[in-house]
Amino acid sequence: MIIDFHVHITAPEVIARRDEYLERDAWFRELYASPKARLCPVEELIAAMERDHVDRAVVFGFGWRDIGLCRQDNDYVMEAVARYPDRLIGFAVVNPGAGDEAVREIERCAAGGLRGVGELMPDGQGYSFDDERTMAPIVEAAMAHDMVLLTHCSEPVGHIYPGKGAVTPDKIIRFAQRFPEVTLVCAHWGGGTVFYELMPEVARIMHHVYYDTAASPLLYQTDIFELAARWVPGKVLFATDFPLISHERVIRQMEAARMPTATLRRMLGGNAWRVLKLGEPRPFS
Ligand SMILES: [Zn+2]
């Protein structure tokens, strides 16, 4: 069972009118102004999953600043999940800065079968991940509907790239301390938060925090898989950031890493199965 925990899908009408959307959202422009940055509709994802033997994918739209655009993307994700219920698990994009409207959107999406909230993009959406007043209602709504939160994260050091933002390990660890009960998936290895799991006092407060491997080949040496397999084998969620990175590329890196087969299986799908509560019996123990 291979589950890709981080995939963006885009409605054909957004792809067709890409230039217009580049004008409408500055963060979208930051990430997709380059014509090389791919956007893909759900059919293309399903074809790639077939090719690379990926069983399921967690899918979401783009973290727009405008809640109306978030709703539009969520409609597309709900349609996609209804079309491929055995392949896709949908998350809802919202801007927490929209307050009650964001909470209502989470409720609407929960009723529509979506299982998480994300990818949150605080840098583009105009709030701080650290802002308790903005985040508390979102956490509460997600927990009320048994939904997972997934946030974009970035390293506070290293090379600059489109999308590098301010959700850094210090903010993530403070968030986990403030909201210890919510299941939080930190994208892109949590911008390095995974390394702080070696500090006992940090590990103690990170019980419900997981790390996805989205975009890993663009950020880290392949050794990261081997190291993470040693200290947080139950917290790593295979992810690509498709269509940015192919499934095959990340799977190949993980398979090449030295780790027990059982750990590889957990990281490729077993952990995700548990986090998403996909039901019993679990494929892995
Ligand atoms: Zn991201």
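The values are calculated or read from the model by the stated rules, or taken from the named source; none is laboratory data. Bear in mind the structure is a predicted one, so any value in this text is a computation, not a measurement. Positions of Cβ are backbone-derived with ideal geometry, glycine not excepted, and every protein chain shown enters the neighbour counts. Just the protein is used for accessible areas: all its heavy atoms, side chains included, with ligands, DNA and RNA removed. Shrake-Rupley method; radii C 1.70, N 1.55, O 1.52, S 1.80 Å.
For the stretch 29-61, how many residues are open to solvent by less than 10 Å² (accessible area, probe 1.4 Å) and either among the basic types (Lys, Arg) or free of Cβ contacts under 8 Å to residues at least 60 places away in the same chain (or both)?
Our first condition is that a residue be open to solvent by less than 10 Å² (accessible area, probe 1.4 Å); within the stretch 29-61, this holds for 40, 42, 45, 48-49, 54, 57-61.
In the following step, the residues that additionally are either among the basic types (Lys, Arg) or free of Cβ contacts under 8 Å to residues at least 60 places away in the same chain (or both) were identified as 42, 59, 61.
The total comes to 3.
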Qualifying positions in the stretch 156-165 - surrounded by 14 or more Cβ atoms within 10 Å (Cβ to Cβ) and either in contact with a Leu (Cβ under 7 Å, 6 or more places away or on another chain) or outside any loop (DSSP other than H, G, I, E, B) (or both): Gly163
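Quick check, is Cys153 farther than 26 Å from Gly112 by Cβ and open to solvent by less than 50 Å² (accessible area, probe 1.4 Å)? Give the steps one after another, and end with the answer.
Details: farther than 26 Å from Gly112 by Cβ: yes; open to solvent by less than 50 Å² (accessible area, probe 1.4 Å): yes.
So Cys153 fits the description; yes.
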Contacts under 8 angstrom Cβ, first residue in the stretch 90-108 being touching a residue at least 40 places away in the same chain (Cβ under 8 Å), partner part of a loop (DSSP other than H, G, I, E, B) and of a type outside the set (A, V, I, L, M), 6 or more apart: Phe91/Arg115; Pro96/Tyr127; Ile106/His145
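Quick check on Glu107: is it closer than 24 Å to Thr213 by Cβ and over 17 Å from the mean Cα position of the chain (by Cα)? Before you say what the answer is, go through the steps one by one.
Details: closer than 24 Å to Thr213 by Cβ: no; over 17 Å from the mean Cα position of the chain (by Cα): yes.
When the stated conditions are applied, Glu107 does not pass them.
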Residues located in the stretch 228-242, provided they are part of a loop (DSSP other than H, G, I, E, B) and crowded, with 18+ Cβ neighbours inside 10 Å: Val232, Lys235, Phe238, Ala239, Thr240, Asp241
Residue in the stretch 192-210 that is under 13 Å from the mean Cα position of the chain (by Cα), within 13 Å of the ligand (Cβ to nearest atom) and open to solvent by less than 70 Å² (accessible area, probe 1.4 Å) present: no
The stretch 95-122 - residue that is in a helix (DSSP H, G or I) and open to solvent by 50 Å² or more (accessible area, probe 1.4 Å) and, of those, farthest from Met78 (Cα to Cα): Gly97
Single unsatisfied condition, Phe175 versus (1) out of contact with any His (no Cβ under 8 Å at 6 or more places or on another chain); (2) open to solvent by 30 Å² or more (accessible area, probe 1.4 Å): (2)
Residue in the stretch 271-281 that is part of a helix (DSSP H, G or I), open to solvent by less than 10 Å² (accessible area, probe 1.4 Å), within 23 Å of Ile46 (Cβ to Cβ) and within 16 Å of the ligand (Cβ to nearest atom) present: no
Candidate set from the stretch 1-36 (those that are under 22 Å from Cys186 (Cα atoms) and part of a loop (DSSP other than H, G, I, E, B)); member that is modelled with the lowest pLDDT: Met1
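Find the residue count for the stretch 133-149, including only residues that are in contact (Cβ under 8 Å) with a residue 60 or more places away in the chain and exposed (fewer than 14 other Cβ atoms within 10 Å of the Cβ). If you could, list the steps in order and put the result at the bottom.
The first filter runs over the stretch 133-149 and keeps only residues in contact (Cβ under 8 Å) with a residue 60 or more places away in the chain, leaving 146, 148.
Next, from what is left, pick out any that are exposed (fewer than 14 other Cβ atoms within 10 Å of the Cβ): 146.
Summing the residues that are in contact (Cβ under 8 Å) with a residue 60 or more places away in the chain and exposed (fewer than 14 other Cβ atoms within 10 Å of the Cβ) in the stretch 133-149 gives 1.
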Among residues of the stretch 211-223, those that are under 15 Å from Thr193 (Cβ atoms) and either of a type in the set (Asp, Glu) or surrounded by fewer than 20 Cβ atoms within 10 Å (Cβ to Cβ) (or both), counted: 2
Residue under evaluation His247, criteria (1) open to solvent by less than 20 Å² (accessible area, probe 1.4 Å); (2) farther than 27 Å from Ala142 by Cα; (3) within 16 Å of the ligand (Cβ to nearest atom), criterion not met: (3)
